[in-house]
Amino acid sequence: MDLSELERDNTGRCRLSSPVPPVCLKEPCVLGVDEAGRGPVLGPMVYAICYCPLSRLEDLEALKVADSKTLSESERDRLFAKMEEDEDFVGWALDVLSPNLISTSMLGRVKYNLNALSHDTATGLVQFALDQGVNVAQVFVDTVGLPETYQERLQQRFPGIEVTVKAKADALYPVVSAASICAKVARDRAVKNWKFVEKLQDLDTDYGSGYPNDPKTKAWLRKHVDPVFGFPQFVRFSWRTAQSILESEAEDVMWEDSETGNQEGPGKIKSYFSESPQTCPRLPHRYFQERGLESATVL
């Protein structure tokens, strides 16, 4: 699994895929869809498909694939390596959605919520397999939202394919379990090898689980929030946990035409351009470093 494209630019989305096994171009295939990283406040969300001929489904089951959440990291890596070895009948594809893409979609002028983004990404991967020539006959999907509504939507989009959407599908259908392993392996590697474009002081890569209720994750967020520019792009700033930390740790913006009122309390944004000493010296944000901007002595 080559994640070099994501490492070069982790601000948007990237798609990875295996070669299509020739047998999948001819024989009817079963395809599973699942994701990893939907809930965390840190890192990307990864959607995956895995497919094989219906005639080889027992061979896929023989690999002992299971819901990725029930497996250790080493077990997931071993099973993914086995699937790559069985490239003569197993194929897969991934969409890696960056934290920046997720948050900007959710907070845009036209709201694009996480469910809609998930549905569209899954639909896009099924269409990608069809465009690659995979002879898809059956699709099994781990649900997001109401399974009946989701299934009806997919069935309308792909009328010639038998679609099944279920809760806990990754524990019910081996082909969905295989997709969940692909997604989880990709997310784990993306998080482990994340390239921070921000020059963070004393970067701590022990993020905890990345979930919003993890105390270690919350401590990491508080440590690495910039009082003016907010969080690194590794953070989904649209999550409520991130927003709460911004509200408590970052500075309020005071515009020149705003009513001044009581001058005590949070500092003004202009204070970051002055030479007044700060209790905690810090390097200028990369926005200023990349543009060669320095603090002005006179405004």
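The values are calculated or read from the model by the stated rules, or taken from the named source; none is laboratory data. Predicted model only: the values in this text are computed from it and were never measured. Counting neighbours? That spans all protein chains shown, and the Cβs are built from the backbone with ideal geometry, glycine included. Each accessible area value is taken on the protein alone, full model and side chains, heavy atoms only, with ligands, DNA and RNA left out. Shrake-Rupley method; radii C 1.70, N 1.55, O 1.52, S 1.80 Å.
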Among 37, 43, the single one that is modelled with pLDDT of 90 or more, in contact with a Leu (Cβ under 9 Å, 6 or more places away or on another chain) and within 30 Å of residue 238 (Cα to Cα) is 37
Report those helices (runs of 4 or more DSSP H) wholly inside region 164-229 carrying at least 3 residues which are at pLDDT 90 or above and farther than 30 Å from residue 288 by Cβ.
-> 169-172, 174-192
Wholly within region 13-69, strands (runs of 3 or more DSSP E) carrying at least 1 residues that are crowded, with 24+ Cβ neighbours inside 10 Å = 29-36, 45-53
Name the single residue, out of those in region 230-275 being open to solvent by 80 Å² or more (accessible area, probe 1.4 Å) and under 25 Å from residue 11 (Cα atoms), that is modelled with the lowest pLDDT.
-> 249
Among the residues listed as 116, 186, the single one being surrounded by 14 or more Cβ atoms within 10 Å (Cβ to Cβ) and over 28 Å from residue 58 (Cβ atoms) | 116
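Just the residues that are over 26 Å from residue 76 (Cβ atoms) and in contact with a strand residue (DSSP E or B) (Cβ under 6 Å, 6 or more places away or on another chain), please, taken from region 153-183.
Answer for region 153-183, where residues must be over 26 Å from residue 76 (Cβ atoms) and in contact with a strand residue (DSSP E or B) (Cβ under 6 Å, 6 or more places away or on another chain): 154, 155, 161, 162, 163.
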Pairing a residue in region 128-157 that is within 18 Å of residue 21 (Cα to Cα) with any residue that is among the polar types (S, T, N, Q) and open to solvent by 50 Å² or more (accessible area, probe 1.4 Å), where Cβ atoms lie under 8 Å and the two sit 6 or more apart in sequence or on different chains, gives 128/17; 132/17
